Amino acid sequence: MAMEDLYNDALDSPWIHPNAPDWGELIKFAEKRVVKKNTILVDMGDVVDTLYYLHKGQVKLSFTTRSGMEKTVWYTNSPGVFGETPFFHNQPCKFIISASKDCEFYSFKKEVLLGELANHPEIMKFILELLAQKVRVISTQLEDLTFKEPVVRVANLLYMVVCQNGKQIDKNSYSVDIRLTHQEIANITGLHRVTASNAIKKLYDDGLITKSRSSIVIPNIKLLKDLISS
């Protein structure tokens, strides 16, 4: 499979690597914060008048039910931006943004940032492109949740991990060092943990994935892609 195809498919991944332009000239207008992993940064119901520039770390956007079930939508890595949706729509949040790693970020008040963006079109362009990528990620997840069986959802997630971080072994096989628990896979794919575990076992039993120490090996990525596309 061509590397260009893998790159394009990686844009559907819930792990977003924005590669933001330099915000150096704007930092003087922001408040710096450093937080530990698992800190809630934006909670459900919050009305946000702040945009956040993520300088170091990673944040997670998720939904949580009263019963405790979680749906992870995406992870945003540094350097990037988070909180842009509630920042622009001025409505209470329907999701939670939390630090999935220790983070260092800068918060910009709306009245200050909007006045400065006119002088920094490259940053405005970046924010729009990031929003477009997040729409693409949500569209992929909506398609999975609506039309695809559990084993295909899990296969698609593993495929996207390979697209982003896989190492090519030969023409069609790849390995990837994956540190996701079955619960994390379930949260991303919208499945219960037992269902996700059964889907992973099915992929092993069918020979579509194998294990090599801490890595998962995809013996034939074309066969995995065929399953996802079926």
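The values are calculated or read from the model by the stated rules, or taken from the named source; none is laboratory data. Quick caveat, the model's predicted, so the values are computed rather than measured. Neighbour counts are summed over all protein chains in view; Cβ atoms, including those assigned to glycine, are modelled from backbone coordinates with ideal geometry.
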Qualifying residue in the range 89-106 (condition: free of Cβ contacts under 8 Å to residues at least 24 places away in the same chain and either in contact with a Lys or Arg (Cβ under 9 Å, 6 or more places away or on another chain) or surrounded by fewer than 13 Cβ atoms within 10 Å (Cβ to Cβ) (or both)): yes
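Just to be sure I understand, how many residues within the range 108-123 are surrounded by fewer than 18 Cβ atoms within 10 Å (Cβ to Cβ) and closer than 16 Å to P79 by Cβ?
Step one: of the range 108-123, the residues surrounded by fewer than 18 Cβ atoms within 10 Å (Cβ to Cβ) are 109-112, 114-122.
Cutting the leftovers down to closer than 16 Å to P79 by Cβ gives us 120, 122.
The number of residues fulfilling the criteria is 2.
Has the range 54-67 got at least one residue that is touching a residue at least 60 places away in the same chain (Cβ under 8 Å), out of contact with any Phe, Trp or Tyr (no Cβ under 8 Å at 6 or more places or on another chain) and surrounded by fewer than 19 Cβ atoms within 10 Å (Cβ to Cβ)?
no
Restricting to the range 123-153, what's the tally of residues that are hydrophobic (A, V, I, L, M, F, W, C) and in contact with a Leu (Cβ under 7 Å, 6 or more places away or on another chain)?
Residues of the range 123-153 that are hydrophobic (A, V, I, L, M, F, W, C), as a first pass: 123-124, 126-128, 130-132, 135, 137-138, 142, 145, 147, 151-152.
Then keep just the ones that are in contact with a Leu (Cβ under 7 Å, 6 or more places away or on another chain); that gives 123-124, 151-152.
Selection size over the range 123-153: 4.
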Selected residue (only one of D46, D22 is more than 27 Å from A196 (Cα to Cα) and in contact (Cβ under 8 Å) with a residue 40 or more places away in the chain): D46
Breaking point among (1) more than 19 Å from P18 (Cα to Cα); (2) in the same structural domain as F87 (by TED's automatic domain parsing), for R153: (2)
Failed criterion for K71 (all others in (1) over 18 Å from E129 (Cα atoms); (2) touching a Pro at 6+ places or on another chain (Cβ under 9 Å) hold): (2)
Filter result for N19 (within 30 Å of Q168 (Cβ to Cβ) and assigned to a loop (DSSP other than H, G, I, E, B)): yes
Helices (runs of 4 or more DSSP H) enclosed by the range 149-230 - at least 2 residues per element that are surrounded by 16 or more Cβ atoms within 10 Å (Cβ to Cβ), in contact (Cβ under 8 Å) with a residue 40 or more places away in the chain and over 20 Å from the mean Cα position of the chain (by Cα): 193-205, 221-229
